[in-house]
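K.L.:
The structure under discussion is supplied below as structure tokens; questions concerning it will follow.
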Amino acid sequence: MTEKIAGYARVSTEEQSLDRQLSSIRDYAERTLGGDLGDLEIYRDKSTGTDTERSGYQDMMADAEAGEFDAVVVHSISRISRSISDLDATARRLEDAGVALHIVSEGLQIQPDESDPFQRALFQLLGVFAEFEAEMARARTKEGIAARQNSEGYHHGRPPLGFENNDGTLVQSDRYHDVVAALEMVQKDQISMREAADRLGSSRSTVGRALERGELYGIGGDAGNDQNAEEN
């Protein structure tokens, strides 16, 4: 029986084109998986101010779990995830649904086959790297706090967004995790800095300063990189 195949494509701005990804997905589905392009279901996301939750991705995952198809094809890892932990979570959800994940650029095929030792090893590696990624984020947060506590700017100024001054010690406030979640969404181009500021009852400049101090929040890189980079 011919596999039912879905494709997923994503860009970070309305101006970017999905054409390159769609061409890659269709070629792979037809040539490698023997799929019928007339039956290929494409899910797509363009991150805009009106679609911050990646609705195409959410629809795809819901349909996968409903048994609508057997395989998902994406052009590259960066199109379906922004971290190893994201990739691990997506791959495991698809595995539980009995759906394979094919990543064209990196040549990865993650199959829901418990009897295949390679697949078992691959999932174990994903889990190890996801935990390593989380541990590194925690370490960056601790190091950032320690550096900030030794800064004259901290002792004589306001604590950073999501922190408070506890008798001269910088500690996470009750809103810390909300701040981290909002900053991560900005970095992933899911919301703008203005939207993050509105959510946090802050200002765009305060959110911008927080993003410049990513080590305080266990996040790395600069917000908007994905918008400025060409598609991979």
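A short reminder: the numbers here are calculations on the coordinates, not readings from a lab. Treat the numbers as computed from the prediction; the structure is a model and nothing was measured. Here Cβ is always computed from backbone atoms with ideal geometry, including for glycine, and neighbour counts include all displayed protein chains.
K.L.:
Given H placed 1.01 Å from N in the peptide plane, which residues other than close sequence neighbours of residue 100 have an amide H under 5 Å from its amide H?
P.N.:
Counting only residues 5 or more places away or on other chains, the set is 71, 72.
K.L.:
Quick query: amide H of residue 45 versus all other amide H atoms, modeled in the peptide plane; which residues come in under 5 Å with a sequence gap of 5 or more or a different chain?
P.N.:
For residue 45, the qualifying residues are 9, 10, 11.
K.L.:
What is the extension gain from residue 66 to residue 209, computed as 0.36 nm multiplied by their sequence separation minus the C-alpha to C-alpha distance, in nm to one decimal?
P.N.:
That pair, residue 66 and residue 209, stretches by 47.2 nm at full extension.
K.L.:
Explain nothing, just the number: relative contact order of the range 5-112, from Cα pairs under 8 Å at least 6 residues apart, as a whole percent.
P.N.:
Relative contact order comes out at 29 percent.
K.L.:
Roughly what would the spin-label model give for residue 92 and residue 125, points 7 Å off Cα along C-beta, in nm?
P.N.:
1.8
K.L.:
When a/c reaches 1.5 or more, the comparison of a/b and b/c decides; with that in mind, is the range 5-112 rounded, prolate or oblate per its Cα gyration tensor?
P.N.:
Rounded, since a/c falls under 1.5.
K.L.:
For the range 195-206, take each phi angle, set θ = phi - 60°, evaluate the Karplus expression 6.51 cos²θ - 1.76 cosθ + 1.60, and give the result in whole Hz per residue in order, putting x for glycine and proline.
P.N.:
Once rounded to whole Hz, the list reads 5, 5, 4, 5, 5, 9, x, 10, 10, 4, 5, 5.
K.L.:
Would you please give the FRET efficiency between residue 113 and residue 199, computed as 1/(1 + (r/R0)^6) with r the Cβ-Cβ distance and R0 = 41 Å, to the nearest 0.05?
P.N.:
0.50
K.L.:
Right, here's the next one. Taking the Cβ of residue 175 as the centre, find all other residues whose Cβ is under 13 Å away and add up their charges (Lys, Arg: +1; Asp, Glu: -1).
P.N.:
Result for the neighbourhood of residue 175: -2.
K.L.:
Hey, another quick one. Determine ³J(HN,Hα), in whole Hz, for all residues of the range 20-28 in sequence, where each value follows from phi through the Karplus function 6.51 cos²θ - 1.76 cosθ + 1.60 and θ = phi - 60°; x replaces Gly and Pro.
P.N.:
Values per residue, Gly and Pro as x: 4, 5, 5, 5, 4, 5, 5, 4, 5 Hz.
K.L.:
Give me the one-decimal nm value for the distance between modelled label points at residue 164 and residue 22, 7 Å along each residue's Cα-to-Cβ direction.
P.N.:
5.1
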